[in-house]
Amino acid sequence: MLTSFKSSSSSSEDATTETPPPPFCQLASSSSSSAATSASHHLRRLLFTAADFVSQSNFTAARNLLSILSLNSSPYGDSTQRLAHLFTKALSLRINRLQQEQDPTVATCTTNEMTMSTNSTVFTSSVCKEQFLFRTKNNNSDFESCYYLWLNQLTPFIRFGHLTANQAILDATETNDNGALHILDLDISQGLQWPPLMQALAERSSSPNSPPPSLRITGCGRDVTGLNRTGDRLTRFANSLGLQFQFHKLVIVDEDLPGLLLQIRLLALSAVQGETIAVNCVHFLYKFFNDDADLIGHFLTVIKSLNPRIVTMAEREANHGDHSFLIRFSEALDHYVAIFDSLEATLPPNSRERLTLEQRWFGKEIMDVVAAEATERKQRHRRFEIWGEMMKRFGFVNVPIGSFALSQAKLLLRLHYPSEEMTEEDDGSGEDCRRRRRRILAFLGCVSFCFLGSSNRETT
């Protein structure tokens, strides 16, 4: 879905002997939009050239380019400068790690330490920082929860996946005989996905020809306290609707796949007769996509043993799990260009929420894709075609997204980017047109709802 950048054809020998490219600030000094566009392309070209040097272990040439990039990028500039700031730091960290592998006496740091070093740059005032720290006092997991809530409020990315998954579940269970629905949510977080679905289920009870609906949610997560809070909130909301509801928590210990599989097997043994099961995998399966794909295979086999009516899946349309560092870098650069453009289109330059999301949420992801390797690398997103082939291999079939779900997606796009729809006058040329396309891709590609699967036994 997102276009990959090609590696710079310049060799390390040419770059170290020829005159270095002009600094970005010289190009940006022009007042014309064409000069600004040229400067943006120049900065991204420098980034990829630096990544190419790193892949060749030409650390001297890479550091020379990174010093130029560091001087001409900033977390407070335009979208290109902000993105260059994060990719420059990630490349520097990768160099430190590679040099430390060659010489253990070289000091280095972890991706987490590098990410934490940005704390002092994401708040526009001491008051903002105090308020944020008060909300997350004595609970590190609340940091991630706070960023997640901001991302959900400020962008359509998460809601797009949630609403589309909900509609798929509602469509698949419309002919549910006894009205009993059990949802296994593999990463429930704050449970933001489920109130709209609960309201839709409660409205079904008004039909005289339908049995009273009941809902049971088994929510997975790492924080017991957070799971209890989520369960309490959903229970109170269900009571306000008069909906029969039960919540069960399933604790995952540090992404322990064997332990999770065991608990899911036990869940299958305790299934209530006549209950329709739906499995929700929104931004979850990529965590278990290892190089051999054996972990994800075991997981899908166990999921199928539940005999679910529907499996909903949403993943990023990106190839951040490729073996090649340069391919991952190109994919990541392309992907986050679209994300940062979309954030710039809807949030003011001095937005502390945008600064925090870029530095602490997306910045952490960029650090992982660029600097981490082997089992330490967590961002292993794959493209739709790979996920589709894998789901079919393990006995699932594709279920088309309904027209109502597509209408919801278009509505979200118009609400956040009212002027982004392409018109007949757009010929695909021009920087404004390209930026509009990138923002639409950010909406569809960041959390592209890429697969709906149901068990073959339910479709034959």
Given backbone amide H placed at 1.01 Å from N, residues whose amide H is under 5 Å from that of Phe245, ignoring those fewer than 5 places away on the same chain, are Leu215
Defining a contact as two alpha carbons under 8 Å apart and six or more residues distant in sequence, what relative contact order in percent does the range 62-104 show?
30 percent
Length released on extending from Glu203 to Glu174, taking residue separation times 0.36 nm less the Cα-Cα span
9.2 nm
Normalising by the residue count of the range 305-401, find the relative contact order in percent from Cα pairs under 8 Å and 6+ residues apart.
38 percent
Once you have the Cα-Cα distance between Tyr76 and Phe394, take 0.36 nm times their residue separation minus that, and quote the gain in nm to one decimal.
109.8 nm
Taking amide H positions as placed 1.01 Å from N in the peptide plane, with prolines and chain starts having none, which residues 5 or more places from Ile252, or on another chain, fall under 5 Å of its amide H?
Gly221, Arg222
List the residues whose amide H sits under 5 Å from the amide H of Cys281, counting only those 5 or more places along or on another chain, with H placed 1.01 Å from N in the peptide plane.
Thr312, Met313, Ala314
Positive end of the charge dipole of the range 245-361 (Lys, Arg +1 and Asp, Glu -1 on Cβ, about the Cα centre): tell me which of Phe329, Gln246, Ala318 has its Cα farthest that way.
Gln246
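Values in this text are rule-based calculations from the coordinates and carry no lab data. Computed from a predicted structure; not experimentally measured. Ideal geometry is used to build each Cβ from the backbone, glycine not excepted, and the neighbour counts take in all protein chains shown.
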